[in-house]
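Enquirer: The structure follows.
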Amino acid sequence: MKKLLAAVLAGTMISACGASVMAEGDVLVMATNAEFPPYEYHEGDEIVGIDAEVAALIAEELGMTLEIEDMAFDSVLAAVQSGKADIAMAGITVTEERKMTVNFTDPYTTATQMIIVAEDSDIATPDDLAGKTIGVQLGTTGDIYVEDVEDATIERYNKGFEAVQALLQGKVDAVVIDGEPAKVFVEQNEGIKLVDEAFTEEEYAIAIAKDNEELLEKVNTALNTLKENGKFDEVVAKYIGDGEAEEAETETETEA
Ligand code: ARG
């Protein structure tokens, strides 16, 4: 995985140098919160995942080099608003409220909020959350939407995994978090499971500052290209889906 990302980055650099009109060292800064597998997470000292790799490909399309800034999730939108970052890509759900502060690209993924519970839990549907203690990651749509659950107590954590740890320790009755990270956390930990029915359905998009329409257009074009030429799907397939194929692939890469 590491090698592959390095190759992607090297490719980005080559194309940046190749286009002589491009000022050398044109950098696309991406704000993210790398606590969110399989979209962005730490692997050794690298940040990998679907968003990290797609962003590197977008940068390549734009003749730029990607630089990732890791921060708390509830800071990523502010980072693009203030110009600290050019784009925010962090499995960010498009919401009407967020649209008032940033522009969103075309959505690149449909997603869900799912409920994780202990294996022996009596919570079997979203309705059963009423009156329960629910763990969420601070500032996420999970956090926002559980506020509508009747009589629920909300425990907010900086990282999604911390909410899962609280569940494992019996400190919360359930965790509401995005579906793909939920699957990863359930796979990695004994004694917890997913509730079948999703809590919500949503869409992920890349956030860009309101006053940067030019970049919005460029990123949308790049996204479109990557969807059409299959590179986007290749990245997704590497991280989501058949676990065995994924492992086999990782092994070959490390050996190579
Ligand atoms: N999709 C959710 C939201 O937009 C959660 C995203 C969390 N992402 C992260 N990288 N921690 O609020």
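The values are calculated or read from the model by the stated rules, or taken from the named source; none is laboratory data. Not measured: the values here are computed from a predicted model. Here the Cβ is made from the backbone with ideal geometry for all residues, glycine too, and neighbour counts use every protein chain on show.
Enquirer: Which of (1) within 20 Å of Lys231 (Cα to Cα); (2) in a strand (DSSP E or B) does Thr112 not meet, given it meets every other one?
Expert: (1)
Enquirer: What do you reckon, is Val102 under 21 Å from Asn224 (Cα atoms) and at pLDDT 95 or above?
Expert: Details: under 21 Å from Asn224 (Cα atoms): yes; at pLDDT 95 or above: yes.
Spelling it out, Val102 is indeed under 21 Å from Asn224 (Cα atoms) and at pLDDT 95 or above.
Enquirer: Residues to consider are Asp74, Asp151; find the one that is in contact with a Gly (Cβ under 8 Å, 6 or more places away or on another chain) and within 13 Å of the ligand (Cβ to nearest atom). Quick ask: steps written out before the conclusion?
Expert: On the way: Asp151 fails: within 13 Å of the ligand (Cβ to nearest atom).
Result of the check over Asp74, Asp151: Asp74.
Enquirer: Another one. Out of all the residues in the range 202-232, which are crowded, with 20+ Cβ neighbours inside 10 Å, away from the ligand (no atom under 16 Å from the Cβ) and not in a helix (DSSP H, G or I)?
Expert: If the condition is that a residue be crowded, with 20+ Cβ neighbours inside 10 Å, away from the ligand (no atom under 16 Å from the Cβ) and not in a helix (DSSP H, G or I), then Ala209 is the only one that fits.
Enquirer: Assuming Tyr157 fulfils every condition listed in (1) under 12 Å from Ile134 (Cα atoms); (2) within 14 Å of the ligand (Cβ to nearest atom); (3) surrounded by 23 or more Cβ atoms within 10 Å (Cβ to Cβ) apart from one, which condition is it?
Expert: Of everything listed in (1) under 12 Å from Ile134 (Cα atoms); (2) within 14 Å of the ligand (Cβ to nearest atom); (3) surrounded by 23 or more Cβ atoms within 10 Å (Cβ to Cβ), Tyr157 misses just condition (3).
Enquirer: If the requirement is being of a type in the set (Ser, Thr, Tyr), under 22 Å from Tyr39 (Cα atoms) and more than 10 Å from the ligand (Cβ to nearest atom), which of these qualifies: Thr105, Thr140, Thr133, Thr95? Before the answer, list the steps.
Expert: On the way: Thr140 fails: more than 10 Å from the ligand (Cβ to nearest atom); Thr133 fails: under 22 Å from Tyr39 (Cα atoms); Thr95 fails: more than 10 Å from the ligand (Cβ to nearest atom).
Checking each option against the conditions leaves just Thr105.
Enquirer: Got a sec? Which strands (runs of 3 or more DSSP E) wholly within the range 1-94 have at least 3 residues that are within 23 Å of Gln188 (Cα to Cα) and at pLDDT 95 or above?
Expert: In the range 1-94, 40-43, 46-48 are the strands (runs of 3 or more DSSP E) which contain 3 or more residues that are within 23 Å of Gln188 (Cα to Cα) and at pLDDT 95 or above.
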